[in-house]
Structures are given as C-alpha cells and as structure tokens.
Amino acid sequence: MVETSTIKRSVYVSGTAAKFSKAFETKIEQYEHEEGTYRDRTGPLTVPAELADIVEGVFGIDNRPMVRQRYQYSQQTPVVDFKPRGLSPFTPPQLANLYNFPTGLDGTGQCIGIIAHTGGFKMSDINTYFSNLGLPVPSIKVASGINNTSSLNVPELTLDIEIAAAIAPKAKIVVYIADNGFAADFLNIIQKAIHDTVNNPSIISISWAGAESGWSDQLKTSCNTEFKIAAHLGKTVLCAAGDKGSRAGQIDGKSHACFPASSPYVTACGGTTLSVNNNTITNEVVWNNNLFTEATGGGVSDFFPVPTYQNSIKIPSVNPNLPYDSPHYGRCIPDVAADADPNPGYSVYIDGQNKNIGGTSAVAPLWAGLIALINQGLGKNVGFLNPKIYSPSLHPGCFRDITVGDNGGYIAKQGWDACTGWGSPNGAKLLAALK
C-alpha cells in the first residue's frame, strides 16, 4: 500500500507485474510499436466479488499515452510585432475586444488551473510576451509535476498560460503537469487540480483530447465522476473539443466525439474561423481548413447519455446505430466556440520566438480567461456553466450564432449545432445575463 485518499476515492498500490497479474487475474505483457514500447493487459481484469460494487476502475497496468495536444501551428510566417494588420495573428487582448469581453476587470481574486500532459514553460518567454503586450507578468505556480522546459510539449503549456493570463492578467495561474500521458496519470492530475485546497482553482482549462474510443470505459467513468465533483464544488471546467473534425483523427470512417470534452460536466470548446476588418468582426464560420488535420471537433458521444440540460437540442449521431434501427442520441459537443484557425492564429511567444498558433487548444484558455473576468464581475463563481448557457432564459445576445460551415459529419445551423455549439461569446452580455 502506497497511499489512500478518501477525497479522491483512491487507493494507490505498487508491486511487480507478476503480483498484479495474480491479484487481478489478468495477463500483463510488453508491446513494441514505432514510437516505443508500452505495457498492457490481455483478457479481462477482475476484482473480488465483495469489491465489485465499490471499485470503479483499476489504472496503471496499461501505460499507453491517452491524450494529444490540440494546438496547430500557422502556415504563415510569424510576425514580429503585435499590431493588427491584414492577416496578422490575433493577440488575446484583441480577441477580447472583438468578442466584447467585459472591461474594467482583470481576474483579481481568481485562480485558473491549467492541466498539462507533460511539458513545461520558460519564464523568459512569459516575461517577454507580457512585456510586448504591455501587461503585468502573471503569477504562475507549478502545483504538481515537473516543469520540463526541454519537452516537446512546451508549446502547449506556454500557449495555455499566455492566452489565459493575457485575458485575466491578475488571476493566479496554477499549473498541474502530468508525468506522462498514461491513464492513471491523467486521472491523477485531474484529481489533484480539482481537490487542490491550497490554490483552490475556480476555473480549470484542459487543452488535451482524444477520440472517446481510445479511452477505456473505466477511465471515462472515473474522470467523469471527478468532473461531476468539480461541478458540485462550483468549479468551471473547460475542455478543447479537438482539431481533427468530427472523425477525431480516426480512420474507421465514423464520427467520434473527443473526451474529456464529451463529459457532461465540462464545457466543450469548439473552433471558428474569424474574419476582421477595422477591429470589427465581418464574418465567422466553422473552422474547417482540412477535415483530417485542421477542423473543429464536435458530435455525439457514444458513451455518455444526453444530459438533462441538452434535452431540447439533442441530435442523432450520424453513425449507423447497428443492430438497432432507431437513431442514437448522446451528449453533444461542443457547447461554445471561439476563433481556432491557425491562419492567422493567436500571437504567442515560445522558445524565444513569435509564433502563430491555433486549434481548440487555444479556445479553452481563452474561455478560461473570460470566466475569470465573469467570476470577478459576479462576485462569485459561475461554477458549472452548461445548465446556465442552455437555459431558455439566457439572453440570446450572449453568443454569435455560427451558421455556415461543417466539421465533416455535422453542419452548422441556426441555434445550437455540433460544430460550434451556441457560438462564440459576447462576453459583456454573458456577464450581464448571468447576474
């Protein structure tokens, strides 16, 4: 026995593969593939009958990476300055202005938690970026994990920090870095963020996602339980909806929703392509540059049922529901959206260089910054956002309805759709409607 945690509902144990094989009556083997090796079991995994109703999942035997970053580099040459001209990338403050984020607020008193799948950030990049923007350098704390500045995942975490903090510069940024992308590690880092009573983040941003089919049912269930706890604790969890269109990067020809965005207890963030002239939005459509490599995720969950708040907008899955004739309904994503097109992208500063990056990975921290402003403006945490934004009483002007485009399997339409949800935000009106 290594550790027990009543709050996390977890028991941590260690031992040899042989002992685990005997304890859970399964076979554990090592596998090789092009990118390395991983450990997995073959056959079923069992627990004693007296524990069957207690044990929700067993994690750590399978150590395959479960998630992928959701940022996209621009194909354009990064610009040197931060001034809007032509197709220059957007800075977060420019997007805040375009989306009418509430003014006179800076995130004071708020804490934004950012969950990272390994990686790190360089404080020198952060300092330069905020100096260029003329904003105060944010307070950043690594609450869990190792800040690995040599990791290939530095762009992801740096992007998240720079976008969220540029929207809410006085909010405290707390980072939770997973040791790796294994199932047990992903669940563990989610638990650490949600149950962190020292920093107590009111908003949690997750820019990592993968097709639901790539996650075990046990892991989806356990993570979803943690997100439900977060909702009860008054925390807002925002997740990227994916960057590979409705197929989520799968090659089976079917549409797939991405998890953790498909959890009914998180707010899934989809992507748009934004056109601007003279600091005014002239057009906004579904982000879909290429169905297989650059397009917003979205669709119908194959695992989670329709949540109550979506009863009025539920749509059937485009996948055939075999062997049944009736259509399949499930949790629909995304819930909201914002600019995600990497061309021109978001202007960020990574590894000593200006970069243009997009993807729904950028949308989650953008919304995290907005929620920090809204919480400050309300004088309380908005908490679980979804029941509020699906309420018929919410002012219709809170979102820019995206009615043009598709993500492969689903088409944009008036009102909610499985490409951009309710649409991109009108931040000030959303704050007013939530009061």
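Looking only at residues that are in contact (Cβ under 8 Å) with a residue 60 or more places away in the chain and not in a loop (DSSP other than H, G, I, E, B) in region 238-264, which one is nearest to ALA340 (Cα to Cα)?
The extreme case among them is ALA240.
If you check ASN200 against the conditions, is it more than 23 Å from ALA164 (Cα to Cα) and open to solvent by 10 Å² or more (accessible area, probe 1.4 Å)?
Considered against the rule, which asks whether it is more than 23 Å from ALA164 (Cα to Cα) and open to solvent by 10 Å² or more (accessible area, probe 1.4 Å), ASN200 comes out as no.
For region 346-381, enumerate the residues that are in a loop (DSSP other than H, G, I, E, B) and either of a type in the set (Phe, Trp, Tyr) or open to solvent by less than 10 Å² (accessible area, probe 1.4 Å) (or both).
GLY359, the sole residue that qualifies.
For region 297-348, enumerate the residues that are among the aromatic types (Phe, Trp, Tyr) and more than 23 Å from LEU238 (Cα to Cα).
Scanning region 297-348 gives a single hit, TYR324.
With (1) touching a residue at least 24 places away in the same chain (Cβ under 8 Å); (2) of a type in the set (S, T, N, Q); (3) not in a strand (DSSP E or B) as the list, and THR197 as the residue in question, which single condition is left unmet?
(1)
Is there any pair linking a residue in region 308-330 that is more than 21 Å from VAL266 (Cα to Cα) to one that is open to solvent by 60 Å² or more (accessible area, probe 1.4 Å) and among the basic types (Lys, Arg), with Cβ under 9 Å and at least six apart or on different chains, and which?
Hits for this filter: VAL318/LYS254; ASN319/LYS254; PRO320/LYS254.
Tell me which residues, restricted to region 397-416, are among the hydrophobic types (A, V, I, L, M, F, W, C), part of a loop (DSSP other than H, G, I, E, B) and surrounded by fewer than 18 Cβ atoms within 10 Å (Cβ to Cβ).
Residue satisfying the conditions is VAL404 alone.
Quick check on my filter: what residues within region 389-435 are of a type in the set (Lys, Arg) and in contact (Cβ under 8 Å) with a residue 40 or more places away in the chain?
Of everything in region 389-435, those that are of a type in the set (Lys, Arg) and in contact (Cβ under 8 Å) with a residue 40 or more places away in the chain turn out to be ARG400, LYS429, LYS435.
What is the one condition in (1) open to solvent by less than 20 Å² (accessible area, probe 1.4 Å); (2) at pLDDT below 95; (3) closer than 13 Å to LEU187 by Cβ that ALA209 does not satisfy?
For ALA209, the exception is condition (3).
Mind checking which residues of region 265-287 are assigned to a strand (DSSP E or B), within 22 Å of the chain's Cα centre (by Cα) and among the β-branched types (Val, Ile, Thr)?
THR267, THR272, THR273, VAL285, VAL286
Within region 328-345, restricting attention to residues that are touching a Pro at 6+ places or on another chain (Cβ under 6 Å) and closer than 17 Å to LEU98 by Cβ, which residue is surrounded by the fewest Cβ atoms within 10 Å (Cβ to Cβ)?
That would be PRO344.
For region 318-343, how many residues meet the condition of being over 16 Å from SER361 (Cβ atoms) and under 25 Å from the mean Cα position of the chain (by Cα)?
Counting residues in region 318-343 that are over 16 Å from SER361 (Cβ atoms) and under 25 Å from the mean Cα position of the chain (by Cα) gives 8.
Considering only region 417-434, state which residues are closer than 24 Å to ALA372 by Cα, in a loop (DSSP other than H, G, I, E, B) and open to solvent by less than 10 Å² (accessible area, probe 1.4 Å).
THR420, GLY423
Give, as residue ranges, the strands (runs of 3 or more DSSP E) completely inside region 98-183 that count at least 3 residues that are in contact with a Ser or Thr (Cβ under 7 Å, 6 or more places away or on another chain) and crowded, with 20+ Cβ neighbours inside 10 Å.
It comes to 111-117, 172-178.
Can you confirm whether LYS388 is in a strand (DSSP E or B), under 27 Å from THR273 (Cα atoms) and among the charged types (D, E, K, R)?
No, not satisfied.
The values are calculated or read from the model by the stated rules, or taken from the named source; none is laboratory data. No experiment lies behind these values; they were computed from the predicted model shown. Cβ coordinates were reconstructed from backbone atoms using ideal geometry, including for glycine residues, and neighbour counts include every protein chain displayed. When the accessible area is computed, the model is the full protein with side chains, heavy atoms only, and any ligands, DNA or RNA have been set aside. Shrake-Rupley method; radii C 1.70, N 1.55, O 1.52, S 1.80 Å.
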